[in-house]
Amino acid sequence: MRRRLATTAAVLALALVLACGGIGIRRDLSAVPIGRVGYRDLCGLQRYFDRLETHRAEAPRLVLSVGAEERRATASGGRDQWAFESRLARRTLRRVLQANWTNLPPGLGRARRVRLDVEWVDRAGIRRVVTGKPAELVVAGESHDLPYHPCLSELLYGAALYRQRRETLGLPGPAGDPWGLGASPDGGAAPDAGP
């Protein structure tokens, strides 16, 4: 009986430590080449970008963008601050966060405004979130470190890539199907398709 109580107490203590820990990664895509994450729409963002392209929904607002002072031959970078205020933007952010991270702030579901601060790098004209530093997720005035995940880059900087994906795969565009009613949730891509 004592052994059972000790085991139960240890499990509860471990659960408490994990619950009090920071935000963690739920779905690890680190083994997937970065080009395939968008091409296969592993973040589920094709319909989101199609809706934004019709101008029937508001994209997250870029509140502040600061470019890096130091220019390098291969890359430049900076820091962006994004505000997710529209219903579609908040809903999409919550969906992407819940699918890919754990231990999210409890107020995320009720928040009317969520802010994301990210450091980015620009290579060949494409911005990507920096992999070595966490982003900052601000919910109800509280800041939380958000570990790197490729879906964050896709969400913030993927509009042109998803437009190209739609054209390359011959998916219905926003003009022909503005609400994505005829498209499958994965945008019509075969699960084993690759670039």
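Values quoted throughout were computed directly from the atomic coordinates according to the rules given, and no laboratory measurement underlies them. Just so we're clear, the structure is a prediction, and the values are computed from it rather than from any experiment. Note that we place each Cβ from the backbone using ideal geometry, even for glycine, and neighbour counts take in every protein chain shown.
Structure summary
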{"quantity": "10 Å beta-carbon shell around Glu53, net charge (K/R +1, D/E -1)", "calculated": "+3"}
{"quantity": "Local net charge near Ser65, Cβ-Cβ under 13 Å (Lys/Arg +1, Asp/Glu -1)", "calculated": "-1"}
{"quantity": "Residue exposure sequence - Ser86, Ser143 - by fewest surrounding Cβ within 10 Å", "calculated": "Ser143, Ser86"}
{"quantity": "Local net charge near Leu152, Cβ-Cβ under 12 Å (Lys/Arg +1, Asp/Glu -1)", "calculated": "-2"}
{"quantity": "Amide proton proximity set for Val63, modelled H, under 5 Å, gap of 5+", "calculated": "Gln81, Trp82, Ala83"}
